[in-house]
Amino acid sequence: MADDDKKGEQELSEDEKLAAEWEAAMEESGDEGEREDEWAAAMAEAGESGDDGDDVQAAPMEEFDTGSEPAQGGGPAPDIDVILDIPVTISMEVGNTQIPIRNLLQLNQGSVIELDRLAGEPLDVLVNGTLIAHGEVVMVNEKFGIRLTDVISPGERIKRLQK
């Protein structure tokens, strides 16, 4: 136990030595009081200039052309050429269903999965996962295609997105 007490005293005395060295160094520099005064003067000056408001200047604001505003009513139409080359994914959904993984793992060639659509019901046409139309499957030059039978209005699409 006596060894622990001596070790604690040694550590404490080392900390005290370090603190004394810092104190001596600060006294030698003699700048401590001056630094505090500089900060106090700067803060006081900032407070004074903020009170009268003479030194405050408005930041320059960029002005926009009136032609860059969206068209409303009879104004010029917006330029949509910017977005015409953006690729989107179109998919046709015949139907869907939910099954447990156990049944999914038992599927093999020839298995039939029952969907939630009736035969002859129109397919859903989705663009990036958003329903935009309904249609029916057609054959064109030995390839499958889809004939749109009903296009969803923009207002209805927005309502579906909000749900």
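Remarks
- The ranking of 147, 117 from fewest to most other beta carbons within 10 Å of each one's beta carbon is 147, 117.
- With a simple spin-label model that places each label point 7 Å from the Cα along the Cα-to-Cβ direction, the separation between residue 20 and residue 140 comes to 9.5 nm.
- Residues 139, 92, sorted so that the one with the fewest Cβ neighbours within 10 Å comes first: 139, 92
- Legend: ranking of residues 116, 85, 124 from fewest to most surrounding C-beta atoms inside 10 Å; resulting order 85, 116, 124.
- What you get for region 77-162, charging only the Cβ of Lys and Arg (+1) and of Asp and Glu (-1), is a dipole of about 300 debye around the Cα centre.
- Gain in span if fully extended, residue 41 to residue 131, counting 0.36 nm per residue against the direct Cα distance: 25.8 nm
- Kirkwood-based Rg to Rh ratio, region 77-162, C-alpha trace: 1.07
Here, each number is a calculation from the coordinates, and none is a lab measurement. Just so it is clear, the structure is predicted and the values come from calculations on it, not from any experiment. Note: ideal-geometry Cβ built from the backbone for every residue, glycine included; neighbour counts use all protein chains shown.
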